[in-house]
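The values are calculated or read from the model by the stated rules, or taken from the named source; none is laboratory data. Bear in mind the structure is a predicted one, so any value in this text is a computation, not a measurement. Cβ placement follows ideal geometry from the backbone for every residue including glycine, while neighbour counts extend to all protein chains displayed.
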Amino acid sequence: MLQTKEFGRLLKSYGFNFFSGVPCSFLKNLINYAINECDFVVAANEGDAVAICAGAQLGGRKSVFLCQNSGLTNAISPLTSLNYPFRIPVLGFVSLRGEAGLNDEPQHEQLGKITTALLDTMDIPWQYLSVDKDEAAFQIEKADKYISENKPFFFVVRKGTFEKEELLPHKMKYVANEVQSLRQKDDQMPTRLSALEVVHSLVDSNTIVLATTGLTGRELYEIEDIPNNLYMVGSMGCVSSLGLGLALAKPQKKVIAIDGDGALLMRLGSMATNATYGTNNLLHILLDNNAHESTGGQSTVSHNVDFVRVAAAVGYPRAIYVHSLEEFREALRLWHASPRLTFIQLRVRKGTKDNLGRPKTKPYQVKERLMAFLAR
């Protein structure tokens, strides 16, 4: 078995000190160490955790993703459509529940058979983590080389790999809503493009804007392509988790994550994580048109969801519904002038401009440009 504290300190010696994931009994001792000694974000699901790690990596923090192999399936979307096209590396530890010959629960049997095949299919280099400390140290050195080349690397962890590590007493941050402004009148229903123009008009050299996948990112690019923009091309529902990781890694910067209703509904649990771990430099905007517009305009169920009440219930300090571009502009000005973790919802109408273009800069070039901007 590996001495968990010694192994954790080895990871820290290589700069891996930011962790996110979902607990697993096979990884509990490493998770306990990370909670005790490092920055650890307990995500609502594994896909969110990957996106949180990706955001932290953008901000210069070498990040570690931990999950049970059943949760690896949840992480496939961001691993393949966020980390891969943007070339954002992550060091992963995935447990091998359901390994052949192991008396395990029936729900793990199938994943036990295909865990390594999933990693191979995603073109993610991996190794079984050795229980020998010298061999494990060599493996970490190898993994770090992959990370330095903007490639992921995963360790598959068998039962009994880590020695017991006690979880020290700790308190989760208590959060509560302070300002809640609900829908009070008819919506003016501006275009999404006009709302994005308002966001862009107030961006300064200290602000990063992350736009969710689909038409939102394309329209933001159309307004002006600047180094402090990032246009998501996949990983639907992960933009606020990406923003959370970046905001935690770069507390001196202001981070705006622009969501869509279909995307936010896909990973609604991320809002609770954002509220608990989020800092004042994160602004979460929802532009809600009650549609999956990028794929043909099919309706979402957002008309039945009171997102502002949800944000308030999970603990966003400010949860604000705005009815017009004027109110939207004022809410943005308030956040810029007095940053506080904030959720803003604006209803927008369907439709976009004719012949809307797509970003000509490749995703990994957008990432590299943003990281250079952050480094300045």
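Numbers at a glance
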| quantity | calculated |
| --- | --- |
| Check on C24, more than 14 Å from L242 (Cα to Cα) and surrounded by fewer than 24 Cβ atoms within 10 Å (Cβ to Cβ) | yes |
| Residue list for segment 307-332, restricted to those being within 25 Å of the chain's Cα centre (by Cα) and free of Cβ contacts under 8 Å to residues at least 40 places away in the same chain | A331 |
| One residue from A100, A51, A117 being outside the structural domain of S235 (by TED's automatic domain parsing), farther than 16 Å from K151 by Cβ and within 14 Å of the chain's Cα centre (by Cα) | A51 |
| In segment 295-318, the residues that are under 23 Å from M236 (Cβ atoms) and either crowded, with 19+ Cβ neighbours inside 10 Å or basic (K, R) (or both) | T300, S302, F307, V308, A311, V314, Y316 |
| Subset of segment 157-194 that is within 23 Å of the chain's Cα centre (by Cα) and among the aliphatic types (A, V, I, L, M) - its residue that is surrounded by the fewest Cβ atoms within 10 Å (Cβ to Cβ) | M172 |
| Segment 55-102 - residue that is among the small types (G, A, S) and on the phi > 0 side of the Ramachandran plot and, of those, modelled with the lowest pLDDT | G101 |
| Residue in segment 258-267 that is within 21 Å of the chain's Cα centre (by Cα) and surrounded by fewer than 23 Cβ atoms within 10 Å (Cβ to Cβ) present | yes |
| Pairs where the first residue, in segment 211-240, is assigned to a loop (DSSP other than H, G, I, E, B) and the second is surrounded by fewer than 22 Cβ atoms within 10 Å (Cβ to Cβ) and aromatic (F, W, Y), C-beta under 6 Å, 6+ apart | P227/F373; N228/F373 |
| Residue in segment 104-123 that is of a type in the set (S, T, Y) and free of Cβ contacts under 8 Å to residues at least 24 places away in the same chain present | yes |
| Residue list for segment 251-288, filter: in a loop (DSSP other than H, G, I, E, B) and under 20 Å from S235 (Cβ atoms) | R267, L268, G269, G278 |
